[in-house]
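Take a look at the structure below.
The values are calculated or read from the model by the stated rules, or taken from the named source; none is laboratory data. Computed from a predicted structure; not experimentally measured. Methodologically, a virtual Cβ is constructed for each residue, glycine included, from the backbone with ideal geometry; neighbour enumeration extends over all protein chains shown.
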Amino acid sequence: MSTTAPTLNGVHAAKPNIVVLGGSYVGSKAVEFLAAAMHTTYKVVLVEKNSHFQHLFAFPRFAVIPGYEHMAFVPYKVEPFLNPNMPPGFDRGILDSITGPTPADAIEIIQASATEVLPDKVLLKPGEGSSAPNEIPYEYLVIATGTRLPPPGTLHVEGKVAGTQYFQEYQEQVKNASNIAIIGGGAIGVQMTTDIKEYYPDKHITLIHSRAHLMNKFHPKMHEVTMERCKELGIDIILEDRVKVPPAGFPVGKGEFTIELQSGKSVKADFAIMCTGQIPLSDFLRDLSPTSIKSNGHIHVKPTLQLGDSKYPNIFAIGDVADTGAQKAARPGFAQAMTVAQNIKTLSEAHGGPVGTLAEYKGGPPAIHLTLGFVSPRHA
């Protein structure tokens, strides 16, 4: 591993870089922990394609309820990273030995997308209007790029202005529809279903899920609670049946159409919302370490969250993009970020000599904060 001081934005840096790819919930926590623990010897560089942090958890509601969509986007700034914290109930790990805030010069944020990972640097595509470099050297690399969902679970536009406009247009599509089919009974599908039905009680809503239980990755009681709420709201539920999605997708704004199911049944709708199919954002790693990319696109990692490919012990993957065996959510991702921070600290303190015992990530039972509509309708 090179210890040569890297160049960032054309300026000779005094410290080598720990680079974190992806600044959503989990990547941001990794930056927070790493900068707190390593700022005396390393610069922590966050590479994030978006200019604004996106509150993905609230996207289902922002896509339905007008007037709040601008709150989905918060500008990336260094200051929120300077006071590391761990939610109650988590192991605080290295935070227990840290006193005082992280210095502001410990972190740099650059707006760019990773196009390829090399053994000692990441090639970048700078964001529109960004002064980001075309490459960034690293001594340690943390991949937290997440997954891409169909809109509105994630957005395929960039920037706050375009994102806000997208939500406003989507809200109009929901408002103008009278017979809505929602495909996928996970968290996004369930939340959109209940929000729409409570906000627009006169609309007919059908939720279609391929499994026997809604929220099937969680305790069976979650299915029971969700089904009871859907029944209260008058939502139609179809379980254990799959939708035949047309190659061009379902029409929008063209009146009623038919959704064919694999069972031979069909559903009428004038608006369909896809809430299935996560695509891991890992292609930039494929050339360096093809064996680290699983057939489903997730990154194979060891229990230490290092790449499964032992040639690269300085590269880690966490969050939704990593095949950790854990639920794809922020809560387990926070614990993974702590594990990575501890392990990078241990590796760096070895100075090329014998390495101490690395921490292993141990996942817990799935847990989630889930909304099933509002306290009361705000619109009739």
Quiz prompt | Test: Lys345 is within 30 Å of Gly234 (Cβ to Cβ), of a type in the set (Lys, Arg) and more than 20 Å from the chain's Cα centre (by Cα) | solution = no
Quiz item: In the stretch 316-330, what residues are surrounded by fewer than 23 Cβ atoms within 10 Å (Cβ to Cβ) and either without any contact (Cβ under 8 Å) to a residue 60 or more places away in the chain or assigned to a strand (DSSP E or B) (or both)?
Solution: Asp323, Gly325, Ala326, Ala329
Practice problem: Can you work out which of the residues in the stretch 180-224 that are in contact with a strand residue (DSSP E or B) (Cβ under 8 Å, 6 or more places away or on another chain) and in a helix (DSSP H, G or I) is nearest to Arg242 (Cα to Cα)? | Solution: Gly189
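Okay, residues lined up against (1) more than 30 Å from Ile180 (Cα to Cα); (2) modelled with pLDDT under 95; (3) aromatic (Phe, Trp, Tyr); (4) outside the structural domain of Phe59 (by TED's automatic domain parsing):
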residue	(1), (2), (3), (4)
Gly249	no, yes, no, yes
Thr258	no, no, no, yes
Leu261	no, no, no, yes
Ala269	no, no, no, yes
Asp309	yes, no, no, no
Ile315	yes, no, no, no
Quiz item: Can we say Thr102 is modelled with pLDDT under 95, crowded, with 21+ Cβ neighbours inside 10 Å, under 26 Å from Tyr361 (Cβ atoms) and of a type outside the set (Gly, Ala, Ser)?
Solution: yes
Quiz item: Can you name the residue in the stretch 11-51 that is part of a helix (DSSP H, G or I) and among the aromatic types (Phe, Trp, Tyr) and, of all such residues, is farthest from the chain's Cα centre (by Cα)?
Solution: Phe33
Quiz prompt | Ile235, sole failed condition from (1) of a type in the set (A, V, I, L, M); (2) over 25 Å from Ala367 (Cα atoms); (3) buried (at least 18 other Cβ atoms within 10 Å of the Cβ); (4) not assigned by TED's automatic domain parsing to the domain that holds Ala335 | solution = (2)
Self-check item: Subset of the stretch 52-75 (residues that are surrounded by fewer than 19 Cβ atoms within 10 Å (Cβ to Cβ), assigned to a loop (DSSP other than H, G, I, E, B) and either small (Gly, Ala, Ser) or more than 14 Å from the chain's Cα centre (by Cα) (or both))
Solution: Pro66, Gly67, Tyr68
Quiz item: Could you list, in sequence order, the residues of the stretch 144-179 that are in contact with a helix residue (DSSP H, G or I) (Cβ under 6 Å, 6 or more places away or on another chain) and in a strand (DSSP E or B)?
Solution: Thr147
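Residues are listed down the side, and each one gets a yes or a no for (1) out of contact with any Phe, Trp or Tyr (no Cβ under 6 Å at 6 or more places or on another chain); (2) without any contact (Cβ under 8 Å) to a residue 60 or more places away in the chain; (3) farther than 22 Å from Gly277 by Cα; (4) acidic (Asp, Glu):
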site	(1), (2), (3), (4)
Ala162	yes, yes, yes, no
Tyr170	yes, no, no, no
Ile182	yes, no, no, no
Thr194	yes, no, no, no
Asp241	yes, yes, no, yes
Pro251	no, yes, no, no
Quiz item: Which one of these does Phe334 not meet: (1) assigned to a helix (DSSP H, G or I); (2) of a type outside the set (Lys, Arg); (3) modelled with pLDDT of 95 or more?
Solution: (3)
Quiz item: For the stretch 303-315, what are the residues that are out of contact with any strand residue (DSSP E or B) (no Cβ under 6 Å at 6 or more places or on another chain) and crowded, with 18+ Cβ neighbours inside 10 Å?
Solution: Thr304, Asp309
